[in-house]
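Engineer: Quick one: the structure is below, and I'll ask about it shortly.
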Amino acid sequence: INGMIENRLAQRKLTLASPFSPLTLTESIGLIAKPVDTEPALITVRVGGGGRETIASGVFINKDVPGTPQIDITETDNVIQGGIEGAAGIAGKFKEQRLSYAADFGLLIPLANNDAKKRSATDLMRIGFAASVNFSMFDWLGLTYQLRLQSDPQLVEGFQVQNNFFLTFKYDVIPPRTVEEAPKA
């Protein structure tokens, strides 16, 4: 956190984070527009105010420099931000192919923050992109691929990249209600 260096020569293992840590909470208020709202494509645009808290005190991140014998680790701190946010997204479904997709791009300019380095709001701008594709093999079984890219300079330098692959099962404990057609007169 404060640039302190600590050597742990005999240590073979280091816990980087405890369960549910770091934990990020987000809040938003504003306007949403849906310029396109069809089944193959729903486009949304969001603008307004937003806040974010990342509880990350005591979480370690690998900052290793290749070619050096030691492994460099840095400790993160809690991040609290509030400011102006905007986002645009697209989502849709192709029933014949049992395929659905979504992509979302957003940014937060933190006018209020707890940055110890006193960087400007534009230097701390948080940028995020998420995309996913879901293929439903059956009504009860699906495969999902998700990609997330995030730049969060107050938490960690550079872009964070996350790839996820999910196998999802669906079972309705309470069957969904169906609408019956009214008898024709």
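Engineer: Could you work out the longest stretch of the chain that avoids the chymotrypsin sites (Phe, Trp or Tyr not before Pro) located in DSSP loops with at most 14 other Cβ atoms within 10 Å?
Structural biologist: That gives 21-139 as the longest site-free run.
Engineer: Next question, about the same structure. Could you tell me the calculated FRET efficiency between VAL47 and ILE71, based on Cβ-Cβ distance and R0 = 45 angstrom, to the nearest 0.05?
Structural biologist: 0.60
Engineer: Give me the net charge of ARG46's neighbourhood, meaning all other residues with Cβ under 14 Å from the Cβ of ARG46; Lys, Arg count +1, Asp, Glu -1.
Structural biologist: Once all neighbours under 14 Å are counted, the net charge is -2.
Engineer: Using only alpha carbon pairs under 8 Å that are at least six residues apart, calculate the relative contact order of segment 26-158 and give it in whole percent.
Structural biologist: Relative contact order here is 18 percent.
Engineer: For the modelled label position 7 Å from the Cα of PHE94 along Cα-to-Cβ, which residues of segment 12-40 have backbone nitrogen atoms closer than 15 Å?
Structural biologist: Residues 39-40 qualify, since their backbone N sits under 15 Å from the label point.
Engineer: Note down the accessible area of GLU96, probe 1.4 Å, to the nearest 10 Å².
Structural biologist: 150 Å²
Engineer: Residues of segment 94-113 with backbone nitrogen within less than 17 Å of a virtual label 7 Å along the Cα-to-Cβ line of LEU149, please, listed as ranges.
Structural biologist: Of the residues in segment 94-113, 102-108 have backbone N under 17 Å from the label point off LEU149.
Engineer: Cα centroid distance between segment 81-131 and segment 148-165, in Å?
Structural biologist: A separation of 11 Å, based on Cα centres.
Engineer: Counting other Cβ atoms within 10 Å of each Cβ, which trypsin sites (Lys or Arg not before Pro) in segment 117-165 have at most 16 and sit in a DSSP loop?
Structural biologist: LYS117, LYS118, ARG119
Engineer: Would you kindly work out the equivalent ellipsoid of the chain from its C-alpha gyration tensor and give its semi-axes, the square roots of five times the eigenvalues, largest first in whole Å?
Structural biologist: 41, 23, 15
Engineer: If you keep only loop residues by DSSP, which trypsin sites (Lys or Arg not before Pro) in segment 1-106 have at most 11 other Cβ atoms within 10 Å of their Cβ?
Structural biologist: ARG8, ARG12, LYS13, LYS95
The values are calculated or read from the model by the stated rules, or taken from the named source; none is laboratory data. Everything numeric in this text was worked out from a predicted model, so none of it was measured. Counting neighbours? That spans all protein chains shown, and the Cβs are built from the backbone with ideal geometry, glycine included. Only protein heavy atoms, including side chains, enter the accessible area calculation; ligands, DNA and RNA are left aside. Shrake-Rupley method; radii C 1.70, N 1.55, O 1.52, S 1.80 Å.
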